[in-house]
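The values are calculated or read from the model by the stated rules, or taken from the named source; none is laboratory data. Keep in mind the model is a prediction, meaning the values are calculated, not measured. All Cβ positions, glycine included, derive from the backbone under ideal geometry; neighbour counts span all protein chains shown.
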Amino acid sequence: MDDLLHVRSLVNSREGTVKPAIYTDPDIYRLELERIFARSWLFLAHESMIPKAGDFFTTYMGEDAILVVRQKDGSVDAYLNQCRHRGMRVCHADGGNTRAFTCPYHGWSYGLDGALNSVPLEKEAYRDQLDKSKWGLTRVTRVATYKGLIFGNWDATAPDLEDYMGDMKWYLDGFLDRRAGGTEVLGGVHKWTIDCNWKFAAEQFCSDQYHAPYTHASAIQVLQPTTANKADGSPLGEGQTAKPVWADALGGVQFSGNGHGSAFFFTGKPDANVWVGGQVSAYFREHYPEAVERLGEVRAKRLAGHNTMFPTLSWLNGTQTLRVWHPRGPDKIEVWAFCLGDKEMPDDVKDALVKSHARSFGPAGFLEQDDSENWVEVQKVLKGHIARKTDFCMQMGRGFEERRTDGIPGLTNYTFAETAARGFYQHWADMMSAENWGEIEALAKASEKELTNV
Amino acid sequence: MSEIHVCSVDALPSGEGLRVEAEPAVAVFHVGDAFYAVADMCTHATASMSEGYVDDDATVECPVHAARFCLKSGRALCLPATEALRTFPIVIRDGEVYVDMGADALSEAAE
C-alpha cells in the first residue's frame, strides 16, 4: 500500500464519515486522474454512434482527450487525441467519418489504425531519418464492449470488463436488454458543465434515493397526472402510478463491489412512473411481456432507479438517460448525457422519449436542475476553511445490510440507506491508496468484510 | 499496349475511388457517368488519393492534408499542393474499365 496523501484517514466507511477535503484538494484530484481514471473501465461511446468503418467519436478518459474509431475490419479502437510530434489535438470534431486524422499544427497524419502515415516534408526536413512506425497515436491499452457500450481502460492489469462490473451487470442488463436488438443513442449528446466535484454526482446516482422526495418535491407535484398538465388534456404522467412509490419500502439500495451501486423502487403496475410522456409510458406497458421473458419480472417491472458504475458512468431506468461525469478539476464537471432507446422502438415513441429525456434530465431539465443546484451549493460551502474540516455524515442504515433471497444481487439495504455510498467511498480510498490492481482487490475483500460486519 | 485492367464498370460505385497497383500506382475514380485516372500519390506528401473525398464536380480532396485536384486535368486547385497529379486515359471496353499507362509511364518506372 502507498497512501501518498493519507486519503484513508479521510474516509471511514465503518463509522460512516467523510472529510470534505476529498472534494476540494487539488493534490487529491491530480492523484485521482492517475489512480482512479487511468485504472478504471471508463465509458467511451455507444456502438450505434459509430456504425461504419471510419466513423469516430471524440470523448475523454478523465481529462485525457480520446478518439474512438471504427476500424475497417469492424472492430473498435481508441487513441489519445494527441499528436506525437508536438502534442496538438489531432481531431477537433465531436464525431463524424474520416479516412485519416491530420494534425492541424504541422500536418502529421494518422490512419484509422493510429499509424503515422504521412509527415510533411519527410524527405527534406527529416532527411528520411524518421522511423514513422515508432510514432503512431497512443493506443488505449484495452477496449471492450458490453451490450453496445464501449469502454476503455489504460491499465493492462485491471480485471476484465465483465469481472470489473460484477453484480452491476445484472442491473445494467435491465437497462440495455429489455428488447431484442438492444439499444441505440437517440439524438445527439447534451454537454454542459456543473461547478462541483465529480463524486457528488457519481455518489448520488450510486446511492442517494433519500434526496428525491425532498429535493424533487416541486417537480413531483407538478407532474402528478392531472388534465391540467397539458393544453390538449393529455397529462405528462398519463397512465402512471399516482402515488410516490418509495413509500411502499419494496425497493432497495445495493452495492455491487468495485464502487458500483444503485437504488430502485418498484411500481405496482408495469408503468414507467418516471415522468416520461404518456406515449413512452404506454410503450413500456405494451412491451412488458417481452421484458419479462428476457429479464424476469423483477427487472422488467423495475422501471425506475438510479445507478453508477464506478467511477463516472450513471444512468436512470425509465427516463433512459445515460451520462458521464467528466472531471474538470476538483470543483467542476462536464456532464455528457445520452438518451438511450430500444432499437425496435417505433419512431414516434423515440421522438417522445427524446423530448421526455430533455424535459426531465436535459441541461435545463426540471429534475436535473434540482440536483445540480445542491451539488453546486455544497461545493461553494466548501470554500470555507472550517467547512472543509467538518465531517459529513454517511451513517444511514449502517449495520442493516443484507443479501436478498429473491434474486436481486449485491449487498442490499432499505431504499433509504447509504450502503452504496459507503461502498463507493471505500473503493475510492482503496484505489487511491493501492499501488496496483492486486492490492486494490485485496483491499476490496477486507473492506467488504468491514462493511458487512458493522 | 500498356493497358491495365481495373475492374468492371459496375464494381466501382459513383463517388468512389480505387487504387490500382502499377508503376506508378494509379487512383481510378467514378463520378457520375465518367471514370478518371490520376497518379495515386499526392504531389504534396505521402497520401493515397484513392482514399480521398470525391466531389460531384469531378474533383478529389486529399484525405490527409485537404489539397484538392481536378480529376479531368490533374491540376492542383488549392494549397498545400502546387503540382498537378499526372492523369491517365481510361478505356472502357465490354463493360470493363482499363487504364492506359502509356509507354513513358513504364519507362519512367524503370529509371
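Condition first: assigned to a loop (DSSP other than H, G, I, E, B) and more than 22 Å from A:Ile440 (Cβ to Cβ). Now tell me which residues in the range A:42-77 satisfy that.
Residues of the range A:42-77 assigned to a loop (DSSP other than H, G, I, E, B): A:50-54, A:62-63, A:71-75.
Residues satisfying the conditions are A:Ile50, A:Pro51, A:Lys52, A:Ala53, A:Gly54, A:Gln71, A:Lys72, A:Asp73, A:Gly74, A:Ser75.
Could you grab me the full set of residues in the range A:61-101 that are of a type in the set (S, T, N, Q) and more than 14 Å from chain B (Cβ to nearest Cβ)? It would help to see each step written out before you state the result.
Our first condition is that a residue be of a type in the set (S, T, N, Q); within the range A:61-101, this holds for A:71, A:75, A:81-82, A:97-98.
Scanning the range A:61-101 gives A:Gln71, A:Ser75, A:Asn81, A:Gln82.
If you go through the range A:140-153 one residue at a time, do you hit one that is under 34 Å from the mean Cα position of the chain (by Cα) and within 12 Å of chain B (Cβ to nearest Cβ)?
So the first thing to find is which residues in the range A:140-153 are under 34 Å from the mean Cα position of the chain (by Cα), and the list is A:140-153.
Narrowing the set further to residues that are within 12 Å of chain B (Cβ to nearest Cβ) leaves none.
No.
In contact with a Leu (Cβ under 7 Å, 6 or more places away or on another chain) and at negative phi: does that describe A:Ala421?
Numbers: in contact with a Leu (Cβ under 7 Å, 6 or more places away or on another chain): no; at negative phi: yes.
Answer is no for this residue.
Looking for something within 14 Å of chain B (Cβ to nearest Cβ) and either buried (at least 18 other Cβ atoms within 10 Å of the Cβ) or among the polar types (S, T, N, Q) (or both) - is there at least one such residue anywhere in the range A:126-139?
Looking through the range A:126-139, at least one residue is within 14 Å of chain B (Cβ to nearest Cβ) and either buried (at least 18 other Cβ atoms within 10 Å of the Cβ) or among the polar types (S, T, N, Q) (or both).
Please specify each residue of the range A:115-125 satisfying the condition of being free of Cβ contacts under 8 Å to residues at least 12 places away in the same chain and more than 10 Å from chain B (Cβ to nearest Cβ).
Listed by number, the residues that qualify are A:Glu124, A:Ala125.
With the requirement that a residue be assigned to a loop (DSSP other than H, G, I, E, B), within 11 Å of chain A (Cβ to nearest Cβ) and crowded, with 18+ Cβ neighbours inside 10 Å, what does the range B:36-59 give you? It would help to see each step written out before you state the result.
Restricting attention to the range B:36-59, the residues satisfying the condition of being assigned to a loop (DSSP other than H, G, I, E, B) are B:40, B:42-47, B:52, B:56-58.
This time we only want the ones that are within 11 Å of chain A (Cβ to nearest Cβ), so: B:42, B:44-47, B:52.
Selection gives B:Cys42, B:His44, B:Ala45, B:Ala47, B:Gly52.
Confirm whether A:Arg39 is part of a loop (DSSP other than H, G, I, E, B), at pLDDT 95 or above and closer than 23 Å to B:Cys42 by Cβ.
Values: part of a loop (DSSP other than H, G, I, E, B): yes; at pLDDT 95 or above: yes; closer than 23 Å to B:Cys42 by Cβ: no.
The answer is no for A:Arg39.
In the range A:307-358, what residues are more than 26 Å from A:Ala21 (Cα to Cα) and in contact with a Cys (Cβ under 7 Å, 6 or more places away or on another chain)? Break it down into steps so the answer makes sense when it comes.
We begin by selecting, within the range A:307-358, every residue more than 26 Å from A:Ala21 (Cα to Cα); these are A:315-322, A:337-358.
A:Gln320, A:Thr321, A:Leu353, A:Val354, A:His357 - these are the residues of the range A:307-358 that are more than 26 Å from A:Ala21 (Cα to Cα) and in contact with a Cys (Cβ under 7 Å, 6 or more places away or on another chain).
Where residues in the range A:376-397 are assigned to a helix (DSSP H, G or I) and in contact with a Phe, Trp or Tyr (Cβ under 8 Å, 6 or more places away or on another chain), which of them is surrounded by the most Cβ atoms within 10 Å (Cβ to Cβ)? Give the steps one after another, and end with the answer.
Keep residues of the range A:376-397 that are assigned to a helix (DSSP H, G or I), which gives A:376-381, A:385-389.
Retained after the next criterion (residues that are in contact with a Phe, Trp or Tyr (Cβ under 8 Å, 6 or more places away or on another chain)): A:378-379.
Details: A:Val378: 16, A:Gln379: 20.
Out of the qualifying residues, it is A:Gln379.
Would you check if B:Ala27 is crowded, with 17+ Cβ neighbours inside 10 Å, of a type in the set (A, V, I, L, M, F, W, C) and within 14 Å of chain A (Cβ to nearest Cβ)? It would help to see each step written out before you state the result.
On the way: crowded, with 17+ Cβ neighbours inside 10 Å: yes; of a type in the set (A, V, I, L, M, F, W, C): yes; within 14 Å of chain A (Cβ to nearest Cβ): yes.
Against the criterion (crowded, with 17+ Cβ neighbours inside 10 Å, of a type in the set (A, V, I, L, M, F, W, C) and within 14 Å of chain A (Cβ to nearest Cβ)), B:Ala27 qualifies.
Going residue by residue through the range A:119-139, is there one that turns out to be among the aromatic types (Phe, Trp, Tyr) and under 22 Å from the mean Cα position of the chain (by Cα)?
Within the range A:119-139, none of the residues are among the aromatic types (Phe, Trp, Tyr) and under 22 Å from the mean Cα position of the chain (by Cα).
Within the bounds of the range A:437-452, is there any residue that is over 21 Å from the mean Cα position of the chain (by Cα), under 17 Å from A:His211 (Cα atoms) and of a type in the set (A, V, I, L, M)?
No.
If I filter the range A:102-114 down to residues being over 15 Å from B:Thr46 (Cβ atoms) and either in a strand (DSSP E or B) or in contact (Cβ under 8 Å) with a residue 24 or more places away in the chain (or both), which single residue comes out as farthest from the other protein chains (Cβ to nearest Cβ)?
Here is the first cut: in the range A:102-114, the residues over 15 Å from B:Thr46 (Cβ atoms) are A:104-105, A:112-114.
Imposing the further condition that a residue be either in a strand (DSSP E or B) or in contact (Cβ under 8 Å) with a residue 24 or more places away in the chain (or both) reduces the set to A:112-114.
Values: A:Leu112: 10, A:Asp113: 13, A:Gly114: 15 Å.
Across the range A:102-114, the extreme among qualifying residues is A:Gly114.
Could you please find all residues in the range A:277-303 being buried (at least 21 other Cβ atoms within 10 Å of the Cβ), out of contact with any strand residue (DSSP E or B) (no Cβ under 6 Å at 6 or more places or on another chain) and of a type in the set (A, V, I, L, M, F, W, C)?
A:Val280, A:Phe284, A:Ala291, listed by residue number.
In this structure, does B:Ser14 turn out to be small (Gly, Ala, Ser), without any contact (Cβ under 8 Å) to a residue 40 or more places away in the chain and more than 14 Å from chain A (Cβ to nearest Cβ)? Break it down stepwise before answering.
Working: small (Gly, Ala, Ser): yes; without any contact (Cβ under 8 Å) to a residue 40 or more places away in the chain: yes; more than 14 Å from chain A (Cβ to nearest Cβ): yes.
Criteria met by B:Ser14.
Within the range A:404-415, does at least one residue satisfy the condition of being assigned by TED's automatic domain parsing to the domain that holds A:Glu334, among the acidic types (Asp, Glu) and either under 23 Å from A:His216 (Cβ atoms) or not in a loop (DSSP other than H, G, I, E, B) (or both)? Break it down into steps so the answer makes sense when it comes.
Let us first name the residues in the range A:404-415 that are assigned by TED's automatic domain parsing to the domain that holds A:Glu334, namely A:404-415.
Still in the running and among the acidic types (Asp, Glu): A:406.
Filter once more, keeping what is either under 23 Å from A:His216 (Cβ atoms) or not in a loop (DSSP other than H, G, I, E, B) (or both): none.
Looking for residues that are assigned by TED's automatic domain parsing to the domain that holds A:Glu334, among the acidic types (Asp, Glu) and either under 23 Å from A:His216 (Cβ atoms) or not in a loop (DSSP other than H, G, I, E, B) (or both), one finds none in the range A:404-415, hence no.
Go through the range B:60-86 and count every residue that is on the phi > 0 side of the Ramachandran plot and more than 12 Å from chain A (Cβ to nearest Cβ). Don't jump to the end; show me each part of the working.
Here is the first cut: in the range B:60-86, the ones on the phi > 0 side of the Ramachandran plot are B:66, B:74.
When the remaining residues are screened for being more than 12 Å from chain A (Cβ to nearest Cβ), the result is B:74.
Total satisfying the criteria: 1.
Give the residue, chosen from A:Ser433, A:Ser372, A:Ser356, that is crowded, with 18+ Cβ neighbours inside 10 Å and within 20 Å of A:Glu32 (Cβ to Cβ).
A:Ser433
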